[in-house]
Amino acid sequence: MTISDGKLRHLKALSNARGVIAAAAMDQRGSLQKSLASARGVDSKAITSEMMAEFKSIVTRVLTPHASAILLDPEFGLDAAKARSRNAGLLLAYELSGYDNTRPGRLPDLLPHVSVKRIVDWGADAVKILIYYTPVEQAAINDIKHAFIERIGAECEAYQIPFFLEFVGYDAQGGDEKGLDFAKAKPAVVKASMQEFSKPQYKVDVLKVEVPINAEYVEGSSVYKGQRAYSRAEALRHFKEAAAIATKPFIYLSAGVSNSQFIESLRMATESGTDYSGVLCGCATWKEGIPVYAKQGAKALEDWLQKEG
C-alpha cells in the first residue's frame, strides 16, 4: 500500500522504534461506567464524569510509558490525553457508543460535538471508529454501515490523519457471542469483515481486528474450557487465512477478554506466522483494576497498575 507523508508521520508517532503499534486502549465509556457502578454497588448515574476522567488519567499516566500510544475518547479522556508519556501517540474515538451498543442492527453513530477537524485540533495522531459488523446481517443494514465508513474515510483523508477501523462481530439473531456456536462462526465473520474493509473506497489505514478464533474453544489451549470448536491446527489455519485476506496493516484488539486469553491468542497468531502490526489492548490490561478503584480509590488503582497492570 502507499500512504501520504502526513499520515505516515502520524503512524510513526503511534509506533515504537521497530514500527510496531503497541497501544493501550482506554476509550470505554458506558461499559466502564456500568462496571464501576457494579463494583461499587451503586446506580451507574452515581459514577460521575470526574470519576471517569480520573480513572482514565491514572491508567494513561501509568501505562503509557510502556506503550507506543493510547486510545482515548473526547467525552472523558481529553484530560487523560495530557497525562500521557511523551513517547506515546494519541488516538481518539469518534463514535457515539462503544461496546454497549444494543440498537437494532447495531447501527453506529458519531459523537455530535466531534469532527475529524476537532480530533486533529486536540492533537490526535489517528481517528478510531468502532463498528459492529457481520456479513450475514441484512443487506440494507450493512449498506448503511458501508456508507458510514466511506464518509469517515473521506473526512480523514481530507485532514491527512490515519483512520483506524475497529470492527467487532456479532450474532445477527441475538445469540451469545461468547458461546460455542458463535465461536464456530467467528472465523468466517472476521475474514469477511477484513476483506470488506480492506477495499480502497473506505480509505482505512489500519484495521483493528478481533483474533479469528475464540481461544477458550481451541482444544489444548491454555485457556480451553472443555468444549471444542477447533483443533489447534485449525485455529492456526484461521489466523493465516485471515491475515492473507487483509491488504492493509492490521492490529489485534483484546475485545474485553482476560489477559491470559489475549496472550494465548497472540501466541497462536505468532505460531501461525501471522504478519500482524501490533495490538491495541484495553480491558485485558486494566479491567481487574476496576473494583480496586471503585472500593479503594485512586491511589489503590495506581498501585495496582504499577504492580499488575
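The values are calculated or read from the model by the stated rules, or taken from the named source; none is laboratory data. The structure displayed is predicted, hence computed values, not measured ones. Here Cβ is always computed from backbone atoms with ideal geometry, including for glycine, and neighbour counts include all displayed protein chains. Ligands, DNA and RNA are excluded from the accessible area calculation, which covers all protein heavy atoms including side chains. Shrake-Rupley method; radii C 1.70, N 1.55, O 1.52, S 1.80 Å.
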Within the accessible area of the chain (1.4 Å probe), percent carbon and sulfur: 50
Cα gyration tensor shape of the range 187-309, rounded if a/c is under 1.5, else prolate or oblate by comparing a/b with b/c: oblate
Farthest positive-ward along the chain dipole, Cα basis, beta-carbon charges - from ILE129, PRO74, GLY278: GLY278
Entries of LYS56/LYS191; LYS191/LYS287; LYS178/LYS287; LYS34/LYS56; LYS128/LYS287; LYS178/LYS295 with Cα pairs more than 25 Å apart: LYS56/LYS191; LYS191/LYS287; LYS178/LYS295
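How long is the gain from GLU219 to ASP109 if the chain were fully straight, where each residue apart is worth 0.36 nm and the alpha carbon distance is subtracted? Could the numbers behind the result be given before it?
Working: separation 110, 0.36 × 110 = 39.60 nm, distance 3.84 nm.
Full-extension gain reported as 35.8 nm.
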For the chain, share of DSSP beta bridges that run antiparallel, in % to the nearest 5: 5
Computed helical MRE - 222 nm, the chain, DSSP H runs ≥ 4 contributing -39500 (n - 2.57), nearest 500: -13000 deg cm²/dmol
Cα gyration tensor shape for the range 27-72, rounded if a/c is under 1.5, else prolate or oblate: prolate
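Which peptide among 139-146, 34-41 comes first, and what is the full order, when sorted by highest mean count of other Cβ atoms within 10 Å? Don't skip to the answer; put the middle values down first.
Numbers: 139-146: 13.6, 34-41: 15.6.
Most protected by this proxy first, the peptides run 34-41, 139-146.
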Whole-number accessible area per residue in Å² for the chain, which is evaluated in the context of all protein chains at 1.4 Å: 44
Selection from GLY174, ALA17, LEU236 lying farthest towards where the dipole of the chain points positive, charges on Cβ: ALA17
Check: the chain dipole with +1 on Lys, Arg Cβ and -1 on Asp, Glu Cβ, in debye: 480
